[in-house]
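Please read the structure below before turning to the comments.
The values are calculated or read from the model by the stated rules, or taken from the named source; none is laboratory data. These numbers were taken from a predicted model, which means no experiment stands behind them. Cβ placement follows ideal geometry from the backbone for every residue including glycine, while neighbour counts extend to all protein chains displayed.
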């Protein structure tokens, strides 16, 4: 049973990475998460139009696969999970740190999410 769980988790991680590579900015979020809302507002306020996948609509296994990608076992504080240019950037703390230190805008431009 352990092998099946690991195999399924690996498949979901690959699927998440495929989903993330299809758009410049992808956010895995929950409707009830205030940090998710804050990141979506930040990015939209900058002129970014992220693709958002709400985990409320998916099996909880998706959330566990995302946490595994982050190296986090099962903390809801890991949400949102943000990919820019198909690369995992991280959760709220990583996005806010990039915004504060000035590296977020160049990253968004490089991914084609910002034009200015």
### Message
For the stretch 89-107, give me the residue count where each residue is surrounded by 12 or more Cβ atoms within 10 Å (Cβ to Cβ) and under 18 Å from residue 36 (Cα atoms).
### Response
11
### The one condition in (1) touching a strand residue (DSSP E or B) at 6+ places or on another chain (Cβ under 6 Å); (2) assigned to a helix (DSSP H, G or I); (3) surrounded by fewer than 18 Cβ atoms within 10 Å (Cβ to Cβ) that residue 31 fails to fulfil
(2)
### Message
Can you find, within the stretch 14-28, the residue that is surrounded by the most Cβ atoms within 10 Å (Cβ to Cβ) among those that are touching a helix residue (DSSP H, G or I) at 6+ places or on another chain (Cβ under 7 Å) and more than 13 Å from residue 80 (Cα to Cα)?
### Response
16
### Message
Condition (residue is at pLDDT 80 or above, part of a helix (DSSP H, G or I), farther than 26 Å from residue 103 by Cα and under 12 Å from the mean Cα position of the chain (by Cα)) applied to the stretch 14-23: is it met by at least one residue?
### Response
no
### Residue match in the stretch 41-51 (condition: under 12 Å from the mean Cα position of the chain (by Cα) and over 17 Å from residue 109 (Cα atoms))
no
### Task
Give the stretch 92-111 a look and list any residue that's in contact (Cβ under 8 Å) with a residue 40 or more places away in the chain and touching a strand residue (DSSP E or B) at 6+ places or on another chain (Cβ under 8 Å), or say none.
95, 108, 111
### Query
Among the numbered criteria (1) more than 13 Å from the chain's Cα centre (by Cα); (2) without any contact (Cβ under 8 Å) to a residue 24 or more places away in the chain; (3) surrounded by 18 or more Cβ atoms within 10 Å (Cβ to Cβ), which single criterion is violated by residue 58?
(3)
### Query
Is it the case that the stretch 51-61 has a residue that's within 16 Å of residue 14 (Cα to Cα) and either at pLDDT 95 or above or in a helix (DSSP H, G or I) (or both)?
yes
### Task
Write out, first by first residue and then by second, each pair whose Cβ atoms fall under 7 Å of each other, whose residues are 6+ apart or on separate chains, and whose first residue, in the stretch 23-40, is on the phi > 0 side of the Ramachandran plot while the second is crowded, with 23+ Cβ neighbours inside 10 Å and part of a loop (DSSP other than H, G, I, E, B).
none
### Task
Of the numbered conditions (1) modelled with pLDDT of 80 or more; (2) assigned to a loop (DSSP other than H, G, I, E, B), residue 74 fails exactly one; give the number of that condition.
(1)
